[in-house]
1. On the accessible surface of the stretch 1-54, probed at 1.4 Å, how many percent belong to carbon and sulfur atoms?
2. Net charge within 12 Å of Lys10 by Cβ-Cβ distance, Lys/Arg positive one each and Asp/Glu negative one each, not counting Lys10 itself?
Amino acid sequence: MMVRDERRFKMADKDGDLTATKEEFTAFLHPEEYEYMKDIVVQETMEDIDKNGDGFIDLEEYIGERRHAPPPRPFLNRKPPLLPPRRLKPSVPDVGGFGVGKKPLPDPEE
Ligand SMILES: [Ca+2]
Ligand SMILES: [Ca+2]
């Protein structure tokens, strides 16, 4: 898991200075929302499903993944507050994270 986080962090760190800007950190947390992070999303998802590590997902691995995977439990995911959970499974539609963090803030300047 540490290796994966490090790899993903480096992918999100566009300028390679090993320091995450707000945008880079957002890309790290929500790689599926960033085009340049798509490869790592696919790679991580495949690694999750590809149990025997042959680089391919066969039907059994795919079905087994779906059968044994626990249902999405947003509050069980490691996440910072006010952000919806990471969704790495492409087959799971984004349900909007219950609107967490999506509520528009009132702008006192306007
Ligand atoms: Ca950076
Ligand atoms: Ca396999």
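1. Ligands and nucleic acids excluded, carbon and sulfur reach 59 percent.
2. -2
The values are calculated or read from the model by the stated rules, or taken from the named source; none is laboratory data. Because the structure is predicted, anything quoted here is derived from the model rather than measured. Positions of Cβ are generated from backbone atoms using ideal geometry, with glycine treated the same way; all protein chains shown enter the neighbour counts. Ligands, DNA and RNA are excluded from the accessible area calculation, which covers all protein heavy atoms including side chains. Shrake-Rupley method; radii C 1.70, N 1.55, O 1.52, S 1.80 Å.
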